[in-house]
2 protein chains.
Amino acid sequence: MTSPVNDLPDELGTMPPSERGITRKTEILDAALRIIGRDGLGGLSMRALAAEAQMPLGAMGYYFRGKQELIAEAFHRHTQRETDRVVKTITDLREGLPSEHLADRLADFVIEGLGDAREQLLAEYSFLVESSRRPELARTSSAWQNSLRTQLRRVLASLGSQSPNTDARLVLAVLAGLEVDNLAEVLQPSQARMVRAVLRRLFLALDCVRTVSSEN
Amino acid sequence: MTSPVNDLPDELGTMPPSERGITRKTEILDAALRIIGRDGLGGLSMRALAAEAQMPLGAMGYYFRGKQELIAEAFHRHTQRETDRVVKTITDLREGLPSEHLADRLADFVIEGLGDAREQLLAEYSFLVESSRRPELARTSSAWQNSLRTQLRRVLASLGSQSPNTDARLVLAVLAGLEVDNLAEVLQPSQARMVRAVLRRLFLALDCVRTVSSEN
DNA sequence: AGACAAGTTGAACGTTCGTCCCACTCGGAG
DNA sequence: CTCCGAGTGGGACGAACGTTCAACTTGTCT
């Protein structure tokens, strides 16, 4: 009856849950993310989840109080994994680099999301739409976006941006918009080139503003 | 209010539907759009739809072959209504206008979508996510985006853009991204100001590129 | 008036859903 | 050894689901 494990950032002071319990719980969450990415939130049923995780149906009720809690925790886990990926990408290009390189790296990021990591991206937007109707998901969503913006603001500031906050929001909007506009259909090479062209165009324009206004 | 002609290919060789039949059908579709905007696609059930449209459950089965067909037609109707709204907005600012005005008009468009027309926007993104898994919806979705891009390309070309196609994609990406990034929470005045600032920043940068390169 | 098809309706079908429950396993502490 | 509670698993519950259907009403033409 009692909850078997606590939240993932577990306090070590109390009695730790068994290692197998945590493992099984995260396996369920990963299975949920696979289902949501493949079939959407509408395709996520407790039975389909049990089958995907190769566990009996009763285990779902044991590890999660209900479907809502499961979805919230799955979203939380998704943002954790994505944050790791973004941080790694950002730190790779931390030092002073031409903005063209940054544009191409961001294009790679979008293209990867629309290609190999397409299911994760679909899960992300499924969560996002759901967030607009459920405050607890909205908190996870805005925390995730704040994290992205903070990371990007630093990079843009080091590039010489005079309004790194606005620019970060602008760049993030372009990234999200490129994802959204290519979400419906599988990514063709021509559209991948277009993604690159749009981001190069954006950073060319931003560079231009910076250069001209610094001459004044 | 009611579309004069049924846009679907009339495969019924027997009889054209009566006027009342068309009216009721569109009433069902509008009720479906209200439900999807309020509760998402997951909240759309045949019974909830019948209640929202104030019709008996059997009528749903009479006017639509199944739930999938109903969703597809609702999406189609949504894009029709939105196309009308966009065309009207675009034609309002048809003639040569400062790009700052265009930025503010587009900001108004986004802010309106995130405010008063929030439910329609939520329905739109619900459809968009679903489009990634169902080809027939994807066709409607890409047709809608092509329409938007064509409209915007003309405006940007008249503003002196040298790459109106890329610029149109860039601007559309920013618009979609601003919507997505503010979808999770209700729009605060500070965020409305930020939307305006981001779009002004974008058009300032695009203007800058145009001006500088035309001096060469 | 009669007839026939389109339109309309409430009920019922079988399925699937989320949730709950209880018997069962099993390793470590008394 | 026994005991105990966390972990495990299968089944059953009521509710809600999409869909189907036969009976009924309405309007129109002969």
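The values are calculated or read from the model by the stated rules, or taken from the named source; none is laboratory data. These figures come from a predicted structure and were not determined experimentally. Neighbour counts run over all protein chains shown; Cβ positions are idealised from the backbone, glycine included.
Quick one: how many residues across the stretch B:50-68 are more than 13 Å from DNA strand C (Cβ to nearest atom), in a helix (DSSP H, G or I) and farther than 16 Å from B:LEU128 by Cα? Total meeting the criteria: 1. Condition test on B:THR79, is it among the polar types (S, T, N, Q), modelled with pLDDT of 95 or more and closer than 29 Å to B:VAL174 by Cβ? Yes.
So that you can scan it fast, the table gives a plain yes or no per residue for (1) buried (at least 20 other Cβ atoms within 10 Å of the Cβ); (2) without any contact (Cβ under 8 Å) to a residue 12 or more places away in the chain; (3) assigned to a helix (DSSP H, G or I):
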residue	(1), (2), (3)
A:LEU106	yes, no, yes
A:ILE111	yes, no, yes
A:LEU121	yes, no, yes
A:SER126	yes, no, yes
A:GLU130	yes, no, yes
A:LEU137	yes, no, yes
A:SER142	no, yes, yes
A:GLY160	no, no, no
A:ALA168	yes, no, yes
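Close contacts from the stretch B:47-72, counting a first residue that is within 14 Å of chain A (Cβ to nearest Cβ) and a second that is more than 8 Å from DNA strand C (Cβ to nearest atom), with Cβ to Cβ under 7 Å and a gap of 6+ residues or different chains, come to B:LYS67/B:MET46; B:ALA72/B:GLU136; B:ALA72/B:LEU137. Scanning the stretch B:145-185 for residues that are more than 9 Å from every other protein chain (Cβ to nearest Cβ) and closer than 23 Å to A:PHE127 by Cβ yields one hit, B:ASN182. Looking at this structure, is B:ASP92 at pLDDT 90 or above and of a type in the set (Asp, Glu)? No: the conditions fail for B:ASP92.
When residues in the stretch A:124-144 are screened for being more than 9 Å from chain B (Cβ to nearest Cβ) and under 16 Å from A:GLY177 (Cα atoms), 1 of them pass.
Filter the stretch A:1-26 for residues that are within 10 Å of DNA strand D (Cβ to nearest atom) and in a helix (DSSP H, G or I); which is modelled with the lowest pLDDT?
A:GLY21
Considering the stretch A:196-215, and only residues there that are more than 7 Å from chain B (Cβ to nearest Cβ) and at pLDDT 95 or above, the residue that is surrounded by the most Cβ atoms within 10 Å (Cβ to Cβ) turns out to be A:LEU199. Here B:PHE64 passes the criteria (1) more than 26 Å from B:ALA197 (Cβ to Cβ); (2) under 22 Å from the mean Cα position of the chain (by Cα); (3) surrounded by 15 or more Cβ atoms within 10 Å (Cβ to Cβ) except the one numbered (2).
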